[in-house]
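Undergrad: For reference, the structure I am asking about is given below.
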Amino acid sequence: MLSSDDLILQMQGIVKEFSGTRALDKVNFDVRCGEVHALIGENGAGKSTLMNVLAGRFHDYQGLITFEGQQVRITNPRQARDMGIAVIYQELSVLGNFTVAENIMFGDEKSGRWTRKLNRAFINAGARDIIDYLRFDLNPERKVNRLSKARQCLVEIACAVRRKVKLLVFDEPTASLGSEDVDKLFEVIKDLRSRGLAIVYISHRLAELPIIADRVTVLRDGRKMGTKNIGECQISDLTRMMLGHDLVEVFPEKTNKPGNVILKVNGLSRPGLFENISFELREGEILGIAGLVGSGRTEIVRAIFGADKARGTVVFQGKPVVDRSPYLCCSLGIGMVPENRKQHGSITGRPVSENLNISILGRLSGVFGFQSSRRLTRQAKLIIEQMKIDPPLPHTDIENLSGGNQQKVIVGRWLAAESKVIIFDEPTQGIDVGTKSQMYRLIMDLARQGRAIILISSELIEITKLADRILVIRDGRLVSQMHGAETDEDSLFAECVRKDNPE
């Protein structure tokens with residue numbers, strides 16, 4: 001058992017406010033060397049804000065921070081990095097067009113004696129030393145954008161270790177990983193812990209905590225609810241601490257009734273990614289698309305929405321959608337909540353009101369095309385109230401919202417547009433159990449109102465509990481259809497990984 005002498009970090013009485021709203025209210029938090037300390041809470045509870053204080057992204061916080069026994073005031077990211085603090089965010093910061101070695105050695109490159117050309121041998125050798133030390137299976141000369149998300153995460157860990165990191169924060173590291181990649185990441189984290197590294201682990205997947213964490217701290221509404229040894233609490237205890245009450249029912253009762261066909265997809269193909277995808281979608285139906293990460297699920301729905309070009313036809317309300325594009329699909333009544341909400345779903349650096357109204361600007365414009373800020377704000381407030389977005393401030397920057405509330409903004413955009421077909425690609429990725437329950441009810445309500453839903457999720461229980469029908473995609477091909485009411489997680493997973501026997 002570690003003693004208080006092993007503490008590497010103490011944060012005491014931390015307070016942080018945004019536009020008069022207190023995001024952190026006198027929070028205490030500590031981390032020991034050689035432990036994984038989980039930090040959990042609903043979206044908006046203050047987890048990321050607390051870690052951003054630690055990472056130097058906010059200079060106007062109140063409270064005391066003690067690191068390695070010395071009282072410090074962290075006011076910028078460079079200071080935090082030089083102290084040995086690193087944060088690996090859900091949206092990784094690796095440089096995709098650079099090699100693994102260039103990413104790891106970034107800032108310590110050497111050029112030749114008589115030329116400015118980079119010394120590749122030095123860069124590759126330095127990166128290889130770190131890779132071998134961590135026992136990672138990485139090729140230093142491979143471009144990072146050709147690696148899986150899990151391997152890109154390993155590159156970022158290697159970058160942090162090269163900078164002699166002492167405390168490493170993982171912010172939702174498994175949100176977009178498959179089960180095999182999750183297992184590999186857990187092995188890496190356990191190895192880092194055994195080397196004495198202090199680790200903070202933020203996750204909404206509570207079932208992961210007994211596997212990876214030593215202690216867990218729960219935040220709710222910016223306040224600390226308590227810290228427990230992981231072996232002394234149940235998942236239900238943590239849920240109660242997060243929400244303030246028991247979560248009686250996660251998934252809503254199915255009350256939707258599929259009607260007439262609204263969308264037909266025929267022979268949709270994009271060589272190398274997916275081939276000959278055909279299906280129908282009905283009004284009021286929730287159609288699940290299941291498959292392993294990399295099976296082609298996201299590429300298929302992006303092609304339907306016109307974000308990527310593909311062969312084949314899409315027929316909406318009896319009429320072919322020619323020259324598909326997101327703008328055209330939006331105008332017809334087809335919306336999409338993308339997998340990567342930050343890169344493809346939100347307008348970063350802009351307020352919530354703009355993000356909510358972007359799909360209906362034409363409708364909100366006046367006779368001569370002028371836009372009334374009052375009208376935009378009024379419309380935004382309606383959706384904010386309907387979606388229970390917190391904080392309910394139309395003019396706050398969307399990046400100041402938690403991940404779950406950012407997701408609500410993106411969904412709210414398509415509610416405002418009154419879309420008849422809505423594609424949800426990983427809608428609950430990186431959001432807490434309480435917000436997940438709200439999202440499930442919203443999807444069911446939309447279907448009950450007659451909206452047609454396409455649902456992609458790596459959490460197979462979401463597919464089996466919500467979908468009326470399930471399309472199984474394997475290696476870019478539609479291999480089977482299953483009925484949601486008759487399918488459980490195990491049988492669906494078996495179908496996703498099944499290998500066809502050659503005849």
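Undergrad: Any residue in region 6-34 that's of a type in the set (Ser, Thr, Tyr): show its pairings with residues that are in a strand (DSSP E or B) and at pLDDT below 95 at Cβ separation under 9 Å, as long as the two are six or more apart or on different chains.
TA: From region 6-34, no pairs qualify.
Undergrad: If Leu415 passes every condition in (1) surrounded by fewer than 21 Cβ atoms within 10 Å (Cβ to Cβ); (2) of a type outside the set (Val, Ile, Thr); (3) over 21 Å from Asn340 (Cα atoms) but one, which one does it miss?
TA: For Leu415, the exception is condition (3).
Undergrad: While we're on this one: All but one of (1) in contact with a Ser or Thr (Cβ under 9 Å, 6 or more places away or on another chain); (2) at pLDDT 90 or above hold for Asn405; state the number of the condition that does not hold.
TA: So Asn405 meets the others, but not (2).
Undergrad: Take region 422-461 and flag every residue that is open to solvent by 10 Å² or more (accessible area, probe 1.4 Å) and farther than 25 Å from Thr239 by Cα.
TA: Arg448, Gln449, Gly450, Arg451
Undergrad: Take Gly34 and tell me if it is under 30 Å from Glu339 (Cα atoms) and open to solvent by less than 30 Å² (accessible area, probe 1.4 Å).
TA: no
Residues are listed down the side, and each one gets a yes or a no for (1) touching a His at 6+ places or on another chain (Cβ under 7 Å); (2) of a type in the set (Lys, Arg); (3) open to solvent by 50 Å² or more (accessible area, probe 1.4 Å); (4) modelled with pLDDT under 90:
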site: Glu42; (1), (2), (3), (4): no, no, no, yes
site: Met51; (1), (2), (3), (4): no, no, no, no
site: Gly56; (1), (2), (3), (4): no, no, no, no
site: Gly69; (1), (2), (3), (4): no, no, yes, no
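Undergrad: Residues of region 199-238 being more than 21 Å from Phe186 (Cα to Cα), in contact with an Asp or Glu (Cβ under 6 Å, 6 or more places away or on another chain) and open to solvent by 20 Å² or more (accessible area, probe 1.4 Å), which ones?
TA: Correct list: Arg223 only.
Undergrad: Of everything in region 487-503 that's assigned to a helix (DSSP H, G or I) and open to solvent by less than 40 Å² (accessible area, probe 1.4 Å), which residue is modelled with the lowest pLDDT?
TA: Looking at residues that are assigned to a helix (DSSP H, G or I) and open to solvent by less than 40 Å² (accessible area, probe 1.4 Å), I get Cys496.
Undergrad: Here is a further query. Those residues that are over 26 Å from the mean Cα position of the chain (by Cα), open to solvent by 10 Å² or more (accessible area, probe 1.4 Å) and not basic (Lys, Arg), I need them from region 280-315; list them, please.
TA: Glu280, Glu283, Ala310, Gly312, Thr313, Val315 - these are the residues of region 280-315 that are over 26 Å from the mean Cα position of the chain (by Cα), open to solvent by 10 Å² or more (accessible area, probe 1.4 Å) and not basic (Lys, Arg).
Undergrad: Output the residues belonging to region 200-228 that are in a strand (DSSP E or B), β-branched (Val, Ile, Thr) and out of contact with any Pro (no Cβ under 9 Å at 6 or more places or on another chain).
TA: If the condition is that a residue be in a strand (DSSP E or B), β-branched (Val, Ile, Thr) and out of contact with any Pro (no Cβ under 9 Å at 6 or more places or on another chain), then Val200, Val216, Thr217, Val218, Thr227 are the ones that fit.
Undergrad: Which residues, taken from region 266-304, are modelled with pLDDT under 95 and touching a Cys at 6+ places or on another chain (Cβ under 9 Å)?
TA: Ala290, Gly291, Leu292, Ser295
Undergrad: A further question on this structure: What are the residues in region 476-486 that are open to solvent by 50 Å² or more (accessible area, probe 1.4 Å) and modelled with pLDDT under 90, if any?
TA: Result: Ala485, Glu486.
Undergrad: Among (1) touching a strand residue (DSSP E or B) at 6+ places or on another chain (Cβ under 7 Å); (2) under 30 Å from Arg240 (Cβ atoms); (3) of a type in the set (Val, Ile, Thr), there is one condition Thr21 misses while meeting the rest; what is its number?
TA: The one condition Thr21 does not meet is (1).
Undergrad: Go through region 239-279 and count every residue that is within 22 Å of Ala447 (Cα to Cα) and either exposed (fewer than 14 other Cβ atoms within 10 Å of the Cβ) or among the small types (Gly, Ala, Ser) (or both).
TA: 7
Undergrad: Can you tell me which condition Lys164 does not meet? The list is (1) touching a helix residue (DSSP H, G or I) at 6+ places or on another chain (Cβ under 9 Å); (2) more than 12 Å from His37 (Cα to Cα); (3) open to solvent by 20 Å² or more (accessible area, probe 1.4 Å); (4) outside any strand (DSSP E or B), and all the others hold.
TA: Of everything listed in (1) touching a helix residue (DSSP H, G or I) at 6+ places or on another chain (Cβ under 9 Å); (2) more than 12 Å from His37 (Cα to Cα); (3) open to solvent by 20 Å² or more (accessible area, probe 1.4 Å); (4) outside any strand (DSSP E or B), Lys164 misses just condition (1).
Undergrad: Which residues, taken from region 164-179, are under 30 Å from Pro338 (Cβ atoms) and in contact (Cβ under 8 Å) with a residue 12 or more places away in the chain?
TA: If the condition is that a residue be under 30 Å from Pro338 (Cβ atoms) and in contact (Cβ under 8 Å) with a residue 12 or more places away in the chain, then Leu168, Val169, Phe170, Asp171, Glu172, Pro173, Thr174, Ala175, Ser176, Leu177, Gly178 are the ones that fit.
The values are calculated or read from the model by the stated rules, or taken from the named source; none is laboratory data. This structure is a prediction, so every number in the text was calculated from the model and none was measured. Virtual Cβ from ideal backbone geometry, glycine too; neighbours counted across all protein chains shown. Keep in mind that these areas ignore ligands, DNA and RNA; they rest on the heavy atoms of the full protein, side chains included. Shrake-Rupley method; radii C 1.70, N 1.55, O 1.52, S 1.80 Å.
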